[in-house]
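S.K.: Got a structure for you, written out below as structure tokens; questions coming shortly.
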Amino acid sequence: MEARRAKIYGSPARDTITVNCKLKKGVLSPIETLAQSVAGIAPSATPGMLIPIVFGFARNGTWLSYLLATAGMLFAAQCINEFASRSACPGSLYTFVGKGFGPRAGNLTGWALMFAYVICGACCIAEFAVYALSLAQHFFKLNVSSSVAMLFSAALVGYIGYKNVKLSATLMLWLELLSMGLIVLVVALTLAHHGFSIDMQQLTLSGVNFENVRMGLVMAIFSFAAFESAASLGSEAANPLVSIPRAIMRSVIVSGLFFVCSSYAMVLSFHGTNPGLEKCSTPLLVMTEHVGMPALGHLIDVGIMMSFFAAGLANLNAGARAIYKMSRNGLLHGKFGDAHEQNGTPHYAVLVSSALSLSIAVALAACNHPLLDIVGWLGTLATFGFIYAYMATSLSAGRMLAREGRFTLSKKLIVVTSIFVLAFALVGSLYPVPPAPYNVLPFIFAAYMTAGFFWCRKAEALMVPEDLLPVSTVGG
């Protein structure tokens with residue numbers, strides 16, 4: 001049996017706990033751990049790309065859609081933290097779900113997470129190329145190939161992820177602080193330009209109905225995808241049972257406040273303009289023109305481009321560690337469960353994850369699809385994987401708490417609300433039926449998960465049963 005397993009999946013099953021884990025232990029400070037989740041969300045990218053879409057649905061209720069989305073994600077974060085405050089390992093939600101429903105449910109969650117991180121990484125590569133091409137044309141009058149921009153982004157992200165996790169976290173932290181700081185400056189200048197007066201059209205929800213807010217909420221929730229990625233740093237974060245839950249919760253709070261304030265200022269700035277916010281491809285640049293500082297807009301575009309770079313790095317870090325943990329548990333080829341002897345990074349998992357993301361982005365671009373369309377398709381696909389993992393974790397938290405006799409009324413409210421908000425977002429993305437090719441994307445994800453179900457069943461027949469970590473332990 002062991003020889004057969006090795007032939008199919010690579011090296012024999014490894015010990016899944018701390019003993020043989022080669023990832024560096026405790027090298028990331030709490031702020032660096034927070035940077036992983038914040039960069040995964042890529043909050044700087046939302047004002048430039050998603051808020052105009054949300055405004056197209058929610059109009060003057062855009063800020064409310066983001067406020068409700070923030071509240072919903074806080075419930076989901078609390079469900080994740082029921083596990084993150086007890087145990088920590090690179091498998092994150094993959095391992096958490098296994099605690100509640102057993103290895104098979106955990107394996108399927110890992111399969112969904114692997115899909116989400118790889119596809120989201122491809123989306124970040126395409127988004128980086130959008131801004132890189134625009135800036136190259138504007139400042140240097142160069143027509144750069146999208147494939148070249150994508151290759152540059154993926155190669156640099158892959159190298160940093162391969163080399164040093166602390167370097168990754170530090171770089172993500174400063175890139176996000178820079179880009180978010182520039183956008184906060186534009187928000188402040190916009191409010192000052194309007195005399196810090198209260199926009200009653202927004203606060204009274206003028207012309208807004210429930211359906212507007214509902215449709216806007218669906219897209220607003222998408223802005224928070226990958227907020228949980230700090231959980232993948234279970235081995236590398238210092239004091240992970242404290243720092244990781246705080247990072248997950250604080251990333252949602254910080255990003256949510258940023259989204260609410262940014263959306264309020266953007267809607268205020270675009271009152272009475274033509275084209276409106278929903279049709280503007282460069283909303284932040286237009287906002288800086290409104291306050292008489294257009295040069296700041298181009299600087300913000302640079303910041304957003306680097307934010308996509310940081311987001312790609314965050315997804316690579318999280319995705320590689322999910323692959324690493326799944327390999328060490330026997331679900332994937334054993335080679336992906338190795339860590340670099342000097343760097344302490346899951347180098348083979350980093351390389352395969354980076355290569356997959358790049359291949360997907362380049363293949364779509366080679367078919368002459370517009371980059372913004374590619375971003376929309378990949379972002380939607382990745383979100384299906386994240387929602388699946390978040391819902392599975394919320395259900396698993398409820399089961400674990402019930403098994404322990406601690407499923408109090410308040411805990412039930414948290415779990416039920418989390419599941420409701422996530423299901424609401426999922427249904428909203430499916431009905432009304434979206435136009436092609438978005439109507440096909442759910443079937444692509446369903447086909448992927450079906451294939452994963454059979455792959456996991458085959459692997460489970462040959463693998464050593466997953467050794468899940470006990471409460472209040474840290475493992476690799």
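The values are calculated or read from the model by the stated rules, or taken from the named source; none is laboratory data. Keep in mind that this is a model prediction, so the values were computed, not measured. So basically every Cβ, Gly included, is an ideal-geometry build from the backbone, and we count neighbours across all protein chains shown.
S.K.: Given the conditions (1) buried (at least 24 other Cβ atoms within 10 Å of the Cβ); (2) more than 27 Å from Asn343 (Cβ to Cβ), which single one is not true for Ser229?
M.R.: (2)
Yes or no, residue by residue, for (1) assigned to a helix (DSSP H, G or I); (2) within 15 Å of the chain's Cα centre (by Cα); (3) polar (S, T, N, Q); (4) under 17 Å from Gly398 (Cβ atoms):
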site: Thr70; (1), (2), (3), (4): yes, yes, yes, no
site: Glu82; (1), (2), (3), (4): yes, no, no, yes
site: Met114; (1), (2), (3), (4): yes, yes, no, no
site: Tyr117; (1), (2), (3), (4): yes, yes, no, no
site: Ala122; (1), (2), (3), (4): yes, yes, no, no
site: Ile125; (1), (2), (3), (4): yes, yes, no, no
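S.K.: Just for the range 354-408: of the residues that are under 16 Å from the mean Cα position of the chain (by Cα) and among the aliphatic types (A, V, I, L, M), which one is farthest from Tyr94 (Cα to Cα)?
M.R.: From the range 354-408, those under 16 Å from the mean Cα position of the chain (by Cα) are 354, 357, 375-391, 393; that's our starting set.
Those left that are additionally among the aliphatic types (A, V, I, L, M): 375, 378, 381-382, 387, 389, 391.
Working: Val375: 26, Leu378: 22, Leu381: 19, Ala382: 16, Ile387: 13, Ala389: 8, Met391: 12 Å.
Filtering first and then ranking leaves Val375.
S.K.: I'm trying to understand the selection: among the residues of the range 387-425, which are under 21 Å from Met449 (Cβ atoms) and free of Cβ contacts under 8 Å to residues at least 40 places away in the same chain?
M.R.: Across the range 387-425, the qualifying residues are Ile387, Met391, Ile419, Ala423.
S.K.: Residue check: is Ser472 within 19 Å of Thr95 (Cβ to Cβ) and modelled with pLDDT of 95 or more?
M.R.: no
S.K.: Of all residues in the range 236-267, which are of a type in the set (A, V, I, L, M, F, W, C) and surrounded by fewer than 22 Cβ atoms within 10 Å (Cβ to Cβ)?
M.R.: Residues of the range 236-267 of a type in the set (A, V, I, L, M, F, W, C): 237-238, 241-242, 244, 247-249, 252-254, 257-261, 265-267.
Those that are of a type in the set (A, V, I, L, M, F, W, C) and surrounded by fewer than 22 Cβ atoms within 10 Å (Cβ to Cβ): Ala238, Leu241, Val242, Met249, Ile253, Val254, Leu257, Val260, Cys261.
S.K.: Evaluate the following for Ser410: is it in a helix (DSSP H, G or I) and farther than 26 Å from Leu441 by Cα?
M.R.: Considered against the rule, which asks whether it is in a helix (DSSP H, G or I) and farther than 26 Å from Leu441 by Cα, Ser410 comes out as yes.
S.K.: Of the conditions (1) under 21 Å from Glu228 (Cβ atoms); (2) more than 20 Å from the chain's Cα centre (by Cα); (3) polar (S, T, N, Q), Asn60 clears all except one; give me its number.
M.R.: In the conditions (1) under 21 Å from Glu228 (Cβ atoms); (2) more than 20 Å from the chain's Cα centre (by Cα); (3) polar (S, T, N, Q), Asn60 misses (1) alone.
S.K.: Another question, if that's okay. Looking only at residues in the range 206-239 that are of a type in the set (Asp, Glu) and in contact (Cβ under 8 Å) with a residue 12 or more places away in the chain, which one is nearest to Gln78 (Cα to Cα)? It would help to see each step written out before you state the result.
M.R.: Going residue by residue through the range 206-239, those that are of a type in the set (Asp, Glu) are 211, 228, 236.
Of the ones still in play, those that are also in contact (Cβ under 8 Å) with a residue 12 or more places away in the chain are 228, 236.
On the way: Glu228: 11, Glu236: 22 Å.
Among them, the one singled out is Glu228.
Per-residue answers, yes or no, for (1) among the hydroxyl-bearing types (Ser, Thr, Tyr); (2) surrounded by fewer than 21 Cβ atoms within 10 Å (Cβ to Cβ); (3) more than 30 Å from Thr62 (Cβ to Cβ); (4) touching a residue at least 24 places away in the same chain (Cβ under 8 Å):
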{"site": "Gly292", "(1), (2), (3), (4)": "no, yes, no, no"}
{"site": "Phe308", "(1), (2), (3), (4)": "no, no, no, yes"}
{"site": "Gly312", "(1), (2), (3), (4)": "no, no, no, yes"}
{"site": "Tyr348", "(1), (2), (3), (4)": "yes, no, yes, no"}
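S.K.: Moving on to the next point. Name the single residue, out of those in the range 360-386 being of a type in the set (S, T, N, Q) and in contact (Cβ under 8 Å) with a residue 12 or more places away in the chain, that is nearest to Ile41 (Cα to Cα).
M.R.: Among residues in the range 360-386 that are of a type in the set (S, T, N, Q) and in contact (Cβ under 8 Å) with a residue 12 or more places away in the chain, the one nearest to Ile41 (Cα to Cα) is Thr383.
S.K.: Let me ask something additional. If Pro90 satisfies every condition in (1) surrounded by fewer than 24 Cβ atoms within 10 Å (Cβ to Cβ); (2) not in a helix (DSSP H, G or I) but one, which is the exception?
M.R.: All conditions pass for Pro90, except number (1).
S.K.: Which residue pairs have Cβ atoms closer than 9 Å, lie 6 or more positions apart in sequence or on different chains, and pair a first residue in the range 432-449 that is without any contact (Cβ under 8 Å) to a residue 12 or more places away in the chain with a second residue that is among the aliphatic types (A, V, I, L, M)?
M.R.: Pro434/Leu441; Asn439/Leu430; Asn439/Val433
S.K.: While we're here: Can His340 be described as closer than 17 Å to Lys24 by Cα, touching a helix residue (DSSP H, G or I) at 6+ places or on another chain (Cβ under 7 Å) and surrounded by fewer than 24 Cβ atoms within 10 Å (Cβ to Cβ)?
M.R.: Working: closer than 17 Å to Lys24 by Cα: yes; touching a helix residue (DSSP H, G or I) at 6+ places or on another chain (Cβ under 7 Å): yes; surrounded by fewer than 24 Cβ atoms within 10 Å (Cβ to Cβ): yes.
For His340, the condition - closer than 17 Å to Lys24 by Cα, touching a helix residue (DSSP H, G or I) at 6+ places or on another chain (Cβ under 7 Å) and surrounded by fewer than 24 Cβ atoms within 10 Å (Cβ to Cβ) - is met.
S.K.: Another question, then. Would it be correct to say that Ala169 is modelled with pLDDT under 95, within 27 Å of the chain's Cα centre (by Cα) and crowded, with 22+ Cβ neighbours inside 10 Å?
M.R.: yes
S.K.: Let me ask another. Could you list all residues from the range 201-224 that are surrounded by 24 or more Cβ atoms within 10 Å (Cβ to Cβ) and among the small types (Gly, Ala, Ser)?
M.R.: Across the range 201-224, the qualifying residues are Gly216, Ala220, Ser223.
S.K.: Name the residue, out of Phe96, Phe57, that is modelled with pLDDT under 95 and buried (at least 24 other Cβ atoms within 10 Å of the Cβ).
M.R.: Values: Phe57 fails: buried (at least 24 other Cβ atoms within 10 Å of the Cβ).
Testing whether each residue is modelled with pLDDT under 95 and buried (at least 24 other Cβ atoms within 10 Å of the Cβ) leaves just Phe96.
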